[in-house]
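Okay, so here's the structure we're looking at.
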Ligand code: UGA
């Protein structure tokens, strides 16, 4: 079997593992997927993906039917014939910010027991602190090569991002060791950066830390706009036009959530601390992010005077649009805090059918059903919220207040419906004579 006809083994079927699985299958490679969870493998074999993302269920079905993808519960069968083994298991943060690498070491231990048909290259894709891959490589040197090839994909567009990366980073002892892996992605025609494993680890963590820093910066600017009566849309657009800065990840909101940014910034702060280096920038990024949900709550409280005994409609629980993931979602944190302050919530998220909510709060199945409340808060940037005519819910909101924590609604349309609009660094007071209110639209 030549290198190119061997299957690619992918260990882990989370967001990263599945994006690699489907992306590489799209490029024509044969994939052996492995997961430690037998129930998950069983579902995958039946074509049921472990998370929601547009198009992935169809793509999984198609590749399984074409016999390009097989899933295994034993590592030996999954990995034996592979020359490239991609490891994409979780590396969650511990309390002190350090990364929990247990799943990664366990995967390497399992791989060490495989009777490989050829000398394998282990490709680590999980996000890890600098130094991890050199330590792993020292442990596998008698039976494999080990490289670090970080991913930069986002939840909600993971497969698309996998197939359209800005760059392919290969951290290897010698570039020659990374060639087998790069061949898998050759068709993408993207720049490849060969570097050391430690450099590649820093590229990954620092990219995420910088994006998180940019969001915290945008939030501080928007908060300043609020205080000065300026408009964050114009200010941030003006800043972002500078090509040295760029407009991406300059969107203010309730703060960044999800399983990556907070964890990675904490991990960088932890590493800086270990080496006696300044960690101010990382710590400040996190502090601004922790404070942002409270700022949004303060805006709501300012409008309502008190949150106790109020009913708040909530649009959005996922940590961002395009996903059903509520891990480390700041929307959920805001809902919990509202509960602590005595409010009841009526919550709608187009992708989240179940969630732990404070006592007295409930999930509903339509956006309008969530508007029978004193005020409405938008906490996830689902574009469909902007498409709902404010006239359809204006009459439902007894205190006529909308707090848009994601700046997704059109302030003038909301105000024209007779509602007070408060966004992040922008607002619009209700027009005195509300336009005719639609009725019977609930
Ligand atoms: C992030 C990175 O964008 C990916 O490049 C990286 O591969 C991934 O982490 C990872 O390390 O696995 P992800 O967490 O899926 O991807 O989501 P993002 O789209 O980056 O959004 C993260 C959070 O920031 C969300 O809560 C989002 O709403 C928020 N955000 C994003 C803002 O508040 N403002 C923005 O301008 C952009």
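Structural remarks
- 305, 13 arranged by Cβ crowding within 10 Å, fewest neighbours leading: 305, 13
- In the chain, the longest principal axis of the Cα atoms and the axis of helix 261-274 are about 60 degrees apart.
- By DSSP, the beta bridges lying fully in the chain are antiparallel in about 10 percent of cases.
- With all pairs of separate Cα atoms included, the chain yields a Kirkwood hydrodynamic radius of 23.6 Å.
- A quarter of the convex hull surface defined by the alpha-carbon atoms of the range 299-396 gives 5.8 nm² as the mean projection.
- With neighbours defined as other Cβ atoms within 10 Å of a residue's Cβ, the residues 220, 155 order from fewest to most as 220, 155.
- Only Cα sites of the range 196-442 enter the Debye sum here, all with the same form factor; the resulting log10 I(q)/I(0) across q = 0.08, 0.09, 0.16 1/Å is -0.32, -0.40, -1.16, listed in q order.
- Fully extended contour minus Cα-Cα distance, from residue 179 to residue 42, at 0.36 nm per residue: 46.0 nm
- Here residue 291 and residue 389 are evaluated by their C-beta separation; at R0 = 30 Å the FRET efficiency comes out at 0.35.
- Evaluated at q = 0.14, 0.16, 0.17 Å⁻¹, the base-10 log of the normalised Debye intensity for the range 8-195, with identical point scatterers placed on the Cα atoms, takes the values -0.74, -0.99, -1.14.
- Of all DSSP beta bridges in the range 8-195, antiparallel share, percent nearest 5: 10 percent
- 0 to 90° range, to nearest 10: angle between helix 197-228 axis and the chain longest Cα axis: 10 degrees
- Averaging Cα coordinates gives a centre for the range 24-53 and one for the range 81-100; these two points are 18 Å apart.
- When you restrict to C-alpha pairs under 8 Å that are six or more residues apart and normalise by the size of the chain, the relative contact order lands at 11 percent.
- Taking 0.36 nm per residue of separation and subtracting the Cα-Cα distance, full extension of the segment from residue 113 to residue 368 would add 86.2 nm.
- With contacts taken as Cα pairs under 8 Å and at least 6 residues apart, the range 8-195 reaches a relative contact order of 21 percent.
- Efficiency of FRET from Cβ geometry, residue 152 and residue 62, R₀ 30 Å, rounded to 0.05: 0.75
- Rounded to the nearest 500, the helix-only mean residue ellipticity at 222 nm of the chain stands at -12000 deg cm²/dmol, with each DSSP H run of n ≥ 4 adding -39,500 (n - 2.57).
- When the inverse distances between all different Cα atoms of the range 254-293 are averaged and flipped, the Kirkwood radius reads 10.4 angstrom.
- Crossing angle, helix 56-65 versus the chain [Cα axis fit, 0-90 degrees, rounded to tens]: 30 degrees
Quick note: the coordinates plus some simple rules give every number you see, no bench work behind them. Quantities reported herein were computed from a predicted structural model and do not represent experimental measurements. Ideal geometry is used to build each Cβ from the backbone, glycine not excepted, and the neighbour counts take in all protein chains shown.
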